[in-house]
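Read the structure below first, then the notes.
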Amino acid sequence: DLVILSLHYFICFLISVMMWRGAKNVDLPSSSTETAETMPDGLILIGKEDDIKTSGRKIAKINGRGVVVFYHEGKFHAMDSRCYQADNLIFFPSWQDIDGQACIVCPWHKYKITLETGEGLYEAKNPLEPSPTPNWQSKGIKQRIHKVTIDNGNVYVSPPDLSVRFDSDYFAEKYRNHDDNLDTIK
């Protein structure tokens, strides 16, 4: 039993080191030779539709900002690559359906974030109810969501409208141009 327990702790340690170091060399296609294409309407090419469907995700820098594109249940979603709560990458989240909304669960903080709107969700009980049961509540929009467009087998992301601020903007700006492990797209 001691050997199994030691092995378990060692594996957990390795996983935590990999997560701490970020997404370096993990399932990331090299784009050093890719030429980013910007459409006349400002859309920015992220990658090939089939490649992202196969891997389930693609992370890139768009004008210095980390963005992750997920393919989940037949749809593409894009958001800032760092959790709004702290500066950790949300490249390998778990998925959860909450009241009909597809959500990611941050691997670091277990925060639930809707893929469609970027709302942070939490469970709460109303103590004024006779038999309080937990219900899902919104913290408001916390994570910046980026519009995804598919055209001729390519996945494009719209540049963010920075006139409106979200919590994830703080870490996107803090790590602007510092995530050398992300594909760079300008």
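The values are calculated or read from the model by the stated rules, or taken from the named source; none is laboratory data. The model shown is predicted, which means the values in this text are computed figures rather than measured ones. For neighbour counting, all protein chains shown are included, and Cβ atoms are generated from backbone atoms with ideal geometry for every residue, glycine included. SASA here: full protein model, heavy atoms, side chains in, ligands and nucleic acids out. Shrake-Rupley method; radii C 1.70, N 1.55, O 1.52, S 1.80 Å.
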Item checked: Candidates Leu128, Leu162, filtered to the one that is of a type in the set (A, V, I, L, M), surrounded by 11 or more Cβ atoms within 10 Å (Cβ to Cβ) and part of a loop (DSSP other than H, G, I, E, B) -> Leu162
Item checked: In the range 109-125, the residues that are of a type in the set (Phe, Trp, Tyr) and either open to solvent by less than 40 Å² (accessible area, probe 1.4 Å) or part of a loop (DSSP other than H, G, I, E, B) (or both) -> Tyr111
Next item on the list: Test Leu5 against the criterion of being more than 24 Å from Glu119 (Cβ to Cβ), loosely packed, with under 14 Cβ neighbours inside 10 Å, out of contact with any His (no Cβ under 6 Å at 6 or more places or on another chain) and at pLDDT below 90, and give yes or no.
Entry: yes
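Condition check ((1) at positive phi; (2) in a loop (DSSP other than H, G, I, E, B); (3) surrounded by fewer than 21 Cβ atoms within 10 Å (Cβ to Cβ)) across all residues:
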residue	(1), (2), (3)
Gln96	no, no, yes
Ile104	no, no, no
Pro107	no, yes, yes
Pro132	no, yes, yes
Trp136	no, no, yes
Next item on the list: Keeping to the range 103-119, report how many residues are β-branched (Val, Ile, Thr) and farther than 20 Å from Gly56 by Cα.
Entry: 0
Margin query: List pairs: first residue in the range 76-102 and more than 19 Å from Ile59 (Cβ to Cβ) and touching a residue at least 24 places away in the same chain (Cβ under 8 Å), second residue of a type in the set (S, T, N, Q) and surrounded by 14 or more Cβ atoms within 10 Å (Cβ to Cβ) anywhere in the structure, Cβ distance under 8 angstrom, at least six positions apart or on different chains.
Written below: Ile98/Thr114
Margin query: Just checking, does the range 138-149 include any residue being under 17 Å from Val68 (Cβ atoms) and touching a Lys or Arg at 6+ places or on another chain (Cβ under 7 Å)?
Written below: no
Checklist line | Residue in the range 61-87 that is surrounded by the most Cβ atoms within 10 Å (Cβ to Cβ), counting only those that are in a loop (DSSP other than H, G, I, E, B) and in contact with a His (Cβ under 8 Å, 6 or more places away or on another chain) | finding: Cys83
Check: So which pairs qualify, if the first residue must be in the range 156-170 and charged (D, E, K, R), the second must be open to solvent by 30 Å² or more (accessible area, probe 1.4 Å), the Cβ gap must be under 8 Å, and the two must be at least 6 apart or on different chains?
Finding: Asp167/Gln85; Asp167/Lys142; Asp169/Leu162
